[in-house]
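Please treat every number below as a calculation from the coordinates, not as lab data. Note that the structure is a prediction, hence the values are computed from the model and not measured. Note that each Cβ is placed from the backbone with ideal geometry, even for glycine, and that neighbours are counted across all protein chains shown.
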Amino acid sequence: MGAGPGKGPVERVLRTPSGLEGTLLTPWADAPLVLIIPGSGPTDRDGNNSLGIRAAPYRLLAQGLAARGMASVRIDKRGMFGSREAQADPDAVTIEDYADDLAAWIATLRRESYLTPPWLLGHSEGGLVALAATKAGVEVSGLILVATSGRRLGDVLRAQLAANPANAPLMPEAERMIAGLEKGERMPADGLAAPLRPLFAAAIQDFLISAMALDPVALFAASKAPALIVQGGQDLQVTQEDALLLKGVRPDAPLRLLPSMNHVLKDVPAGNRKANLAAYANPSLPLAAGLVASIEDRVITPPGPIRR
């Protein structure tokens, strides 16, 4: 789309009445709006976290969207970073809490004169949050699911643990924990093997229970919102099979497979795990080719707002 009205993108910090904080980047008034929902863990509004991710994918995405005539809000999760005042304990959350936060953001944006609801762009776990929000009746213009799992969280954890042969001795213990959490039961974590303790810590079990109870395929099938599915071929965390599961229940939703894109939305050499992981810490790498254009194709001429 390129250049449009005005002197260029304007960036400013926004806050909700509940203390959530994010950054609005807009190329001009009345630009279509995308709300970027972060993935799992202590991930900030730029897409970075303390676990080694410094690729800034959400900041680059916001800039790329602005260059093509789309405004965006990228947000900090409640209890973290600029949103730390919204909740004292960032671990004491559920997926439903994050979905409620999206409703708060949409209300704030309406007060900012964005009368047309945003598109929800959920990355990784953020896709599940977006789907939970539509189930709760949050008004949206559409859904963009980027690197979003089509499998339940329990099945994802099983697969990720089993993929490493070194975890074989841990699998019975891990299966016991996952099975209990899937039933909605808090599980004793004190005696867990050291590698499993961070994964099933007592402090995050309410969150795990809430996430494991949700079936992303069922949520997506029930949603009537216009949608786009985007998946990278070099993603080490979410597979093309996940994208196909989502596509299978919503044939109307375009699926964009970007063969070279990894989980942090960068192009990397095929099959090169070292280069793939190195990209997680490299903000100088540009976004994957075709990512922003795929979003533009879906967002710029959207259907009218739809609930659910």
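Close amide H pairs (under 5 Å, H built 1.01 Å from N) link N282 with R54, A55, residues at least 5 positions away or on another chain. Ordering W105, W28 by the number of other Cβ atoms within 10 Å of each residue's own Cβ, fewest first, gives W28, W105.
Cα gyration tensor of the chain, axes a ≥ b ≥ c as square roots of the eigenvalues: rounded (a/c below 1.5), prolate (a/b > b/c) or oblate? It would help to have the intermediate numbers written out before the result.
Values: a/c = 1.61, a/b = 1.40, b/c = 1.14.
Prolate shape, in that a/c is at least 1.5 and a/b is the bigger ratio.
Close amide H pairs (under 5 Å, H built 1.01 Å from N) link G233 with L258, S260, M261, residues at least 5 positions away or on another chain.
For each pair in K7/K274; K77/K135; K7/K266, compute the distance between the two Cα atoms and list the pairs where it is over 31 Å.
On the way: K7/K274 41 Å; K77/K135 20 Å; K7/K266 29 Å.
Violating the 31 Å Cα-Cα cut-off are K7/K274.
Amide H contacts for I37 (H built 1.01 Å from N in the peptide plane; partners 5 or more residues away or on another chain; cut-off under 5 Å): L121, G122, H123.
Given R0 = 22 Å, the distance between the Cβ atoms of N164 and D206 translates into a calculated FRET efficiency of 0.25. The simple Förster model, with R0 at 51 Å and r as the Cβ-Cβ distance, assigns K274 and V13 a FRET efficiency of 0.85.
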